[in-house]
1. Do we find a residue being touching a Ser or Thr at 6+ places or on another chain (Cβ under 7 Å) and open to solvent by 10 Å² or more (accessible area, probe 1.4 Å) anywhere in the stretch B:466-480?
2. Sort through A:THR69, A:THR35 and tell me the only one that's assigned to a strand (DSSP E or B) and either without any contact (Cβ under 8 Å) to a residue 24 or more places away in the chain or closer than 21 Å to A:GLY306 by Cα (or both).
3. So, in the stretch A:246-267, how many residues would count as being farther than 24 Å from B:SER81 by Cα and away from chain B (no Cβ under 13 Å)?
4. Step by step: first the residues of the stretch A:268-317, then only those that are of a type in the set (A, V, I, L, M) and closer than 19 Å to A:VAL130 by Cα, then the one that is farthest from the other protein chains (Cβ to nearest Cβ). Which residue is that?
5. With (1) more than 14 Å from every other protein chain (Cβ to nearest Cβ); (2) free of Cβ contacts under 8 Å to residues at least 60 places away in the same chain; (3) open to solvent by 50 Å² or more (accessible area, probe 1.4 Å) as the list, and B:ARG140 as the residue in question, which single condition is left unmet?
6. Considering only the stretch B:505-536, state which residues are more than 30 Å from B:ALA338 (Cβ to Cβ), in contact with a strand residue (DSSP E or B) (Cβ under 7 Å, 6 or more places away or on another chain) and not charged (D, E, K, R).
7. Which of the following residues is among the aliphatic types (A, V, I, L, M), at pLDDT 95 or above, open to solvent by 20 Å² or more (accessible area, probe 1.4 Å) and in contact with a Cys (Cβ under 7 Å, 6 or more places away or on another chain): A:LEU219, A:LEU203, A:LEU198?
8. Out of the stretch B:283-297, which residues are closer than 20 Å to B:LEU366 by Cβ and either modelled with pLDDT under 90 or among the polar types (S, T, N, Q) (or both)?
Amino acid sequence: MHPSTWLKTDDTGLYCEPGEFYIDPMNEVATALVTHGHADHARAGHHRVYASPETLAIMQTRYGEDMATHQHAVAIGESINFNDVKATFYPAGHILGSTQILIEYAGYRVVVSGDYKRRHDPTCPPFKVVPCDVLITEATFGLPVFKHPPIEHEIEKLLHSLRVFPERCHLVGAYALGKCQRVILALREAGYAKPIYLHGAQLKLCDLYKQLGIDLGELIPVSEVADKKTLAGEIVIAPPSALADRWSRSLPNVRPVVASGWMQIRARAKQKNAELPLIISDHCDWPELLQTIEEVNPKEVWVTHGREDALMYQAEKMGFKAKALSLVGYDEEEQGGD
Amino acid sequence: MDAFSHLLEQLYFTSGNKAKAQLIADYIANTPDPDRGWAIAAMAGTLRFEFFKRNTVKKLITEHTDPALFAMSYDYVGEVSETVAHLWPYSEPSDSLPTLTEVVQTFASVSKQKVSETLAHYLTIMTPAQRWALLKLGTRGLRIGVSARSIKQILADYGNKDIKEIETLWHAVTPPYVDMLSYLEGKADKPDIENAVTFHPVMLSHPIEDSDINAFTKDTWQIENKYDGIRVQLVVKPNNAVDDKTQKGSGSDGDESEKALFSRTGDDISHSFPDLLESVSGNMVLDGELLVIHNVEHSNGLAKDSVKKGGSNVKAQSDDKGAFASSATQPDVDTFNALQQRLNKKKPSKALQSSAPVGLIVYDALVLDGEDLTDKTLKARRNALEEWFQKTSNSRLFLSETLNATSPQTLRQLHTQVCQNRAVEGLMIKRLDSHYVPGRPKGQWFKWKRDPLVVDAVMMYAQRGHGKRSSFYSDYTFGVWEDSQLLPIGKAYSGFTDEELKKLDNWVRRNAVGRFGPVREVKKELVLEVAFDAVHPSSRHKSGVALRFPRIHRIRWDKPASEADTLANVKALIEG
């Protein structure tokens, strides 16, 4: 039976009828399979949740121990049966604990890739190419203008700016889960050994990363710095929304920096009031999206959210059948994970 | 080229005019001639190439990338230069980039056949940021938040001069401004501009406030119609005085005068209006309104007649429509719509020149018979102008009629009365003792526009904006009812605040029901109160009407769409 007859979308998300589960549902449901911990994919209040141990830990950190009645940790490569449907979790390379989910039913293989990227990320194993009939992909940066530069290059821009403006506090807006830790690790890899200062919203998740064995070096909450003037010439990481917030006014001579895949578009950087835009993304850029479609080589490509028009057009040009699922709610522009 | 690209990048991301000015001043101080002069020209918008244009770029990119993907990318990015900078498919970065001067000279001399090839080569050896700077040279309009006026201010500060001095110099000097820059640095004398046909920065007015109207007193102000054309400056010099190197006028056809017509912002628009320029001679700088005037050809005799009887009826009564100061012939003025077909025409055909002839309604003179009048009062300038009109015969020049009011009350009555004539946009009210000062001095000249027309329309489609509004749904097509159907009557993308834009953008995203390429169709539920200056019949639109300068006046979140206006309501507002 073709997957379009048993894998459906509704206002809550993507629903597998014979397995009676949702993947990354928007609302509370009986059974949810969750690909990763970003807030627009992982919600609290489901009856049963299946996810990687790291994703469950992230959800507990954010929503509390009781974020779902039953919590099932699924190991990478492990398969679980839901009625006649078999679901297997594979790494997606997006953030700590992120997975893609292979669904097998009635002779068809469908991969729900969640959010993913193909670049090296020290916090998670790389994206695995899983052969399938239908590849369900995101298209957050699904336009040929998006070509993310190497992260080393962007981190060097930040370090250069610190040298040119040693009197300015470099306030980096970065999403609290994934982006923040990736920026910290890239700074460490570039040899930046000084303490890095954090907005309160970044603390809990950085602590979790440390508990899970990821060394982020010395981190100091901004709230524990008595004399904020001493933050001149230092790096402070905060949620992007805090850049324009009253909170940042206590910092000395702020140079606003934003780390996001959107920073490639000048006007976007300007809208976020970034003086120094860093193009750092946890999603595929355009060449990586095309590379993935080629390597997975499915019969059909379904696109969940993002710039689906262009990706569908290109996939069809490459000889694949393509359609848009137009899932609502994955608001990648507002809620981060970019 | 790298330094220029770096400067643009810095300017783009730096907010605050002071910081931007500092960056530019540093660049000027640290960059050699002639590179810095070309950069100034690029920022001030005075750099133009014959073959390197927006269309050259668009054509090139569609030859080298998939046009559909380019269109989708452009829709998202909202700017051609940046889209191309990212999309250009070849990259062979070079350590030896050409200088800005080399780039400018190459594009200035390149043939039409070679321009694409040259551009492609440059794009290939540059980074996306450098490509963006390069493309901005050709597409103009840098959008880095630096106006031509602020460049002049920066130059004035750089040379410790008054901005007025830069303003007068500006239109007599040409890129790369080597003479001007060495003058500003105290290394050379001031460039000689004595005999050049140059633009003189114009004096501008403020919108009138209630308090200004209430403070109106008799015999202090000159009142005129505010015409609905375009503000221009007509400059005429006797040819023998012109130095060939500095001449900018293009209106000479071998007669003895050197002349040019400039727009309000100093663009030379002479080429579009040969009919007007051919008719004038003398030694003068006139400030006036350019309009389509139908009786220019026939009025010659009458204008001569007017010489005899002119002068006595200078103080025209507001109710005396025929009293056109010293010129007995009242201009038969057509609408702005009619003028529009003459604007931006490089070479207007003879047929167009005779079906839509242009003339000038003169309201001020900066120079008359070679004498500079800018330090005289408006009253004195007006008297000189009236005398000049009496002794001069020209079929295309008309003296602006002065109107009369004696109190705030009669001024208000006059405004109401004048606005009934749809060819007039309102009133101009100028202090009789005002000197002619470039810029917008306070309390000297006021404009009192007619109240805009408004209709309640329903939003039908939305499209993403450009520039700083990239990604926001900021362009709205709206319609009015005909029976049970909505017919689109126009498109607006201004009039709302940033806060309102966010709300509208959010509303569009939540209420989108369909998509046609970049256009989103929305639920027909939101009423927009649209303001506009006029309605014209139009065969291009299904609704049969076209609005002039429509903008969002208010967002009627509260009003049900069924209560929006009908097409019949809108048609009733058509002028004439």
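1. Checked the stretch B:466-480: no residue is touching a Ser or Thr at 6+ places or on another chain (Cβ under 7 Å) and open to solvent by 10 Å² or more (accessible area, probe 1.4 Å).
2. On the way: A:THR35 fails: assigned to a strand (DSSP E or B).
Criteria check complete, one pass: A:THR69.
3. 7
4. At the first step, the residues of the stretch A:268-317 found to be of a type in the set (A, V, I, L, M) are A:269, A:274, A:276, A:278-280, A:289-290, A:293, A:296, A:301, A:303, A:310-312, A:315.
Of the ones still in play, those that are also closer than 19 Å to A:VAL130 by Cα are A:289-290, A:293, A:296, A:301, A:303, A:315.
Details: A:LEU289: 13, A:LEU290: 11, A:ILE293: 15, A:VAL296: 21, A:VAL301: 16, A:VAL303: 13, A:ALA315: 12 Å.
In this case the residue turns out to be A:VAL296.
5. All conditions pass for B:ARG140, except number (2).
6. B:VAL508, B:ASN511, B:ALA512, B:VAL513, B:GLY514, B:PRO518, B:VAL519, B:VAL522, B:LEU526, B:VAL527
7. Answer to the check: A:LEU219.
8. Within the stretch B:283-297, just B:ASN283 meets the criteria.
The values are calculated or read from the model by the stated rules, or taken from the named source; none is laboratory data. For clarity, every value in this text was computed on a predicted model and none was experimentally measured. When we count neighbours, we look across all protein chains shown, and the Cβ atoms used for this are built from the backbone with ideal geometry, even at glycine. The accessibility values were calculated without ligands, DNA or RNA, using every heavy atom of the protein model including side chains. Shrake-Rupley method; radii C 1.70, N 1.55, O 1.52, S 1.80 Å.
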